[in-house]
Structures are given as structure tokens and as C-alpha cells.
Amino acid sequence: MTARPVAPGIHLVQHANVNCYLIEDTDGLTLVDAGLPAVWRPLGHAVRALGRRPEDIKALVLTHAHFDHVGAARRLVERLGVPVYAHRAEHDLAAHPYSYAHENPRALYPLRHPAALPILGSMVAAGVFAVKGVRATAELTPGETVPVPGRPVVVPSPGHTHGHCALHLPDRDVLISGDALVTLDPYTGRRGPRIIAGAATADSGLALRSLDALAATGAGTVLPGHGEPWHSGVASAVEEARRHGPA
């Protein structure tokens, strides 16, 4: 697998229905989110396809610390010594990525939404039950610019998790929305802009309110944690997500 360009200097590594992003500039690479454990090899191939080395990854930034976004994080730290950025409310979850809050029981979702079964199956094959926690070593502060390649601005967007943060790159007209706004819900199999089902969301009402902060960026492209990029503007994505509501 190679990285797919999805915005100026931003490349998507998509594996097992989970998205990671490589932000590139002259100082090196920033990895946003770390997928599931099996993304390790595809990630290495993607970095080399860009003409870079793994050592060019200067930081890992976590939009949030669910197990499917920290899968390769421990290995990155052990091999490359990269700093791990996360909101302070995510630090404990990063260390214990299965101990997350969720509104609804998870067990019934595959029965109610059989379209999700192939998605969840791909995640199981990618190591969903073998994720090791990681220690976050740096903090994301709402409204501030992260001192990493690409210099994204932190957009607080709690609800999916308590400390979820999106990343705005205004010079590239891009919002990396993480799981605050996705175009594929792994728990239902539904596509199109939406928030993720209550099986993995701590507070759906808060997640819907956080869409205001995403819309305020005015970004032309939205890069979600699951699903395909949305190139029709964040305002239309937010409108559609509100229309779909919680699941």
C-alpha cells in the first residue's frame, strides 16, 4: 500500500477501514492517528513511497485514543522515539485504549447492522484485540498550533471521546476530523457524513454540538477517521451529519 494524496502535502494511509494521515513539509512528517497494529507495514511502505524514511516521522498526533487509532503507536515510540501528542483528557485512554466510555451496548450492533460485519471483520484481522497502550508525552491545547510538521491548529471536538480534537490546516484548506465527523460508521456500515454510533461514542449530544466548532473552520476538505475524504466543504458535511443524527 502507498500513501494516497488527498490534499496538498497530506497523504491518506487507509487500512482495515481505519484512516491515518501523513502530513508532509520541509521539516519532515507528522502522523495523525496510528490505526490498528497491522498498519505498521503499510505505513512503512507509504513513507518510503513518498521518498522519505521512517526517521522522518517527527511526531504522532492523536485525534483521540480509541484502540483503533493507537494500534501502531507503541511500536512507533519504541522504534523511532517519536513524541505522542494528545489532549490531556485522552492521556489515560491512550495508556488503556479499551477502557473507553460509550452510550450504548456494543454487542447488539452487528446483529442490528449486518452491513458492519465485513468492516468489523477487517478490523479483527488487523489486530483489533491486540492493541497495546502508549504514554502520551505532549499535550494538545485547544486553539493552539501544534509545533510539528504541518503546524495544525487544535480544534476541540469532544463527544466521541472526552478529549477528542480535530486538526485544522488553514493554509491547506483542510480539516482532519478524526472520529468527530466520519463518512463511514464502522458500527453500522452506513456511509456519508455522520457521527459514530453510540456503541463507541461517549456523548452523542455533545458530539453533535461539537460539529459547530468543525463548521467554524470553513475548511474545503474534511479528512475523517473512517471513510473517504469529503471534498464538498465542512459546512455541507456538518449539515448532513446533523440530519443523520446519532445511531
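The values are calculated or read from the model by the stated rules, or taken from the named source; none is laboratory data. Small disclaimer: the values here were computed from a predicted structure and weren't measured. Counting neighbours? That spans all protein chains shown, and the Cβs are built from the backbone with ideal geometry, glycine included. Accessible surface is based on the protein model in full, side chains and every heavy atom, while ligands, DNA and RNA are left aside. Shrake-Rupley method; radii C 1.70, N 1.55, O 1.52, S 1.80 Å.
Summary of values
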quantity: Net dipole in debye of region 164-246 [+1 Lys, Arg Cβ; -1 Asp, Glu Cβ; about Cα centre; nearest 20]; calculated: 200
quantity: Loop-located trypsin sites (Lys or Arg not before Pro) in region 108-142 whose Cβ has at most 13 other Cβ within 10 Å (DSSP); calculated: Arg135
quantity: Linear extension gain, Ala216 paired with Glu103, 0.36 nm per residue minus alpha-carbon span; calculated: 38.0 nm
quantity: Among Leu31, Pro5, Gly121 - extreme Cα towards positive end, dipole of the chain, charges at beta-carbon; calculated: Gly121
quantity: Rounded percent of accessible protein surface that carbon and sulfur make up, region 20-136, 1.4 Å probe; calculated: 54
quantity: Rough spin-label spacing in nm, given labels placed 7 Å along Cα→Cβ, for Glu55 and Leu111; calculated: 5.4
quantity: Prolate/oblate/rounded label for region 135-189 (Cα gyration tensor, a/c 1.5); calculated: oblate
quantity: Region 81-227 - Debye-derived log10 I(q)/I(0), Cα point model, q = 0.16, 0.18, 0.19 Å⁻¹; calculated: -0.93, -1.16, -1.27
quantity: Cα gyration tensor, region 32-141 - rounded (a/c under 1.5), prolate or oblate; calculated: oblate
quantity: Residue-wise HN-Hα coupling along region 133-148, computed from phi with Karplus coefficients 6.51, -1.76, 1.60 (Hz; x: Gly, Pro); calculated: x, 9, 8, 6, 10, 9, 10, 8, 10, x, x, 9, 8, 7, x, 9
quantity: Charge dipole (debye, nearest 20) of the chain; +1 at Cβ of Lys and Arg, -1 at Cβ of Asp and Glu; calculated: 620
quantity: Nonlocal amide H pairs with His15, under 5 Å, H built at 1.01 Å; calculated: Cys20
quantity: Long-range amide H partners of Leu36 with built H, under 5 Å; calculated: Gly71
quantity: Protection-proxy order for peptides 240-246, 165-171, 66-72, each taking the mean of Cβ atoms within 10 Å per residue, highest first; calculated: 66-72, 165-171, 240-246
quantity: Average accessible surface area per residue within region 67-174, 1.4 Å rolling probe, Å²; calculated: 48
quantity: Computed [θ] at 222 nm, helices only, for the chain once each DSSP H run of length n ≥ 4 contributes -39500 (n - 2.57); calculated: -6500 deg cm²/dmol
quantity: Amide proton proximity set for Glu228, modelled H, under 5 Å, gap of 5+; calculated: Thr183
quantity: Candidate values (i) 31; (ii) 10; (iii) 17, label of the one derived for percent of Cα pairs over 32 Å apart; calculated: (ii)
quantity: Debye, to nearest 20: dipole size of region 1-100, +1 on Lys, Arg Cβ, -1 on Asp, Glu Cβ; calculated: 300
